[in-house]
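The values are calculated or read from the model by the stated rules, or taken from the named source; none is laboratory data. Just so you know, these numbers come straight off a predicted model, no measurement behind them. FYI the Cβ positions are ideal-geometry reconstructions off the backbone, even for glycines, and counts take in every protein chain you see. Note: areas computed on protein heavy atoms with side chains; ligands, DNA, RNA excluded. Shrake-Rupley method; radii C 1.70, N 1.55, O 1.52, S 1.80 Å.
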Amino acid sequence: MHGVAMNIPEHRKAIDKLDAQIVKLLNERTRQVLKIGEIKMKAGEAIYVPHRERTVLQRICKLNQGPITAESLRAIYREIMSSALSLEKSMTIAYLGPEATFTHQAAIQKFGASLLYSAQKTIADIFTEVGKKRADYGVVPVENSTEGVVTHTLDMFVESNLQIVAQIVLPIQYCLAGHAHLKDVRRLYAHPQALGQCRIWVQRHLPKAEILETSSNARSAELAAGQLGKMRGKVAAITGFLAAEKYDLKIIERDIQDFNANATRFLVLGRQCGPPTGRDRTSVMFSIADQVGALYHALASFRRFKLNMTKIESRPSKRKAWEYFFFVDCDGHMTDRKVARAIANLEKVCNFVKVLGSYPNSD
């Protein structure tokens, strides 16, 4: 058939033949993964390994010659790996619920649809579930490119022994959803973070709407969907596409976030960090003495060993007035010589130092 034009039945026959080969190869690949899983479980090692996952995705994208896009290929392999993980071990992922939140969406993007997902009411509950081994991993939001840091997530690390084992950067796209026309909207349900990220749009298009704050984007969609009678055609929600779909809402307006580059960074919580990948990030928290130059000397540890600090945040310690914890992200893995020496130097000049984890870096 090579070089000869084929009709539709012939193309379909070729596809059927390829499907048979793909199914056979997928099962063979899964059998190899399961054998590795058996070896890991006997050795007491973690089944999910973020650095290996990243290596596989990078390798298959290099092999790709199209027409499938790299993004689509990663999504396909995400589900292949998710399916294999679910067969290796009954794995549970705790996330900030309810279902269809952006945290849920980020968790699925990272782990695929084949694992068990457990919605939690608070960030503290996620730390508890993973800490008590009722969940294997947890997914929590830590910062938004528009609204800044999620302070409660940082505060939880003070008492927790959990490690950051991976991160997820999710582009955040909001929509206005409901059963109303834009000009008829009189009541708007919105989570404070969502409202903050869509504030200019709301002021411009819904200046007279009554705004009611909710506990999550999914809850906003649920409340809009539950309106009956005359209010049904006057109510809308700022929410995500996943939540709008779940509650069968019409998309009134798409992409209403004020900045196109709007993204949220999520952390994957676990009990054990992986080895270095060559492109990692390390998160550290520390406290300093209340004296002149203390912060300068602490940060000089990173400068001394030429480490790029990608983030610094401060939070009240809640133990003593005007005492603060500082959270720093830097390039490198905690086992890298330069990072290890910087941390050792930090311990000499600080009251308290805690490494929160080293994990594959992603943009």
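Within segment 175-212, can you find the residues that are part of a loop (DSSP other than H, G, I, E, B) and exposed (fewer than 13 other Cβ atoms within 10 Å of the Cβ)?
His181, Pro207, Lys208
Scan segment 292-307 and give yes if some residue there is within 29 Å of Tyr48 (Cα to Cα) and more than 21 Å from the chain's Cα centre (by Cα), otherwise no.
yes
Right, Ala119: modelled with pLDDT under 90, farther than 22 Å from Lys311 by Cβ and open to solvent by 30 Å² or more (accessible area, probe 1.4 Å) or not?
no
Only residues that are among the acidic types (Asp, Glu) and not in a loop (DSSP other than H, G, I, E, B): list them for segment 139-163, please.
Glu143, Asp155
Can you tell me which residue is nearest to Glu99 (Cα to Cα) among those in segment 122-148 that are modelled with pLDDT of 95 or more and acidic (Asp, Glu)?
Step by step, filter segment 122-148, then rank; the result is Asp125.
Could you run through segment 81-108 and say how many residues are part of a helix (DSSP H, G or I) and modelled with pLDDT under 90?
8
Considering only segment 213-239, state which residues are out of contact with any Cys (no Cβ under 7 Å at 6 or more places or on another chain) and either hydroxyl-bearing (Ser, Thr, Tyr) or outside any helix (DSSP H, G or I) (or both).
Hits for segment 213-239 are Glu213, Thr214, Ser215, Ser216, Ser220, Gly226, Gln227, Leu228, Val235, Ala236, Ala237.
Just to check your reading of the model, which residue among Leu299, Leu269, Leu295 is touching a Gly at 6+ places or on another chain (Cβ under 6 Å) and in contact (Cβ under 8 Å) with a residue 12 or more places away in the chain?
When all the criteria are applied, what remains is Leu269.
Would you pick out the residues in segment 263-306 that are at pLDDT 95 or above, of a type in the set (Val, Ile, Thr) and either more than 30 Å from Gly196 (Cα to Cα) or touching a Phe, Trp or Tyr at 6+ places or on another chain (Cβ under 7 Å) (or both)?
Val268, the sole residue that qualifies.
Of all residues being under 26 Å from the mean Cα position of the chain (by Cα), open to solvent by 80 Å² or more (accessible area, probe 1.4 Å) and modelled with pLDDT of 85 or more in segment 32-62, which is farthest from Leu269 (Cα to Cα)? Just the residue, please.
Step by step, filter segment 32-62, then rank; the result is Lys62.
Taking the condition of being in a loop (DSSP other than H, G, I, E, B) and over 18 Å from Leu115 (Cβ atoms), how many residues in segment 35-80 meet it?
Qualifying residue count, segment 35-80: 8.
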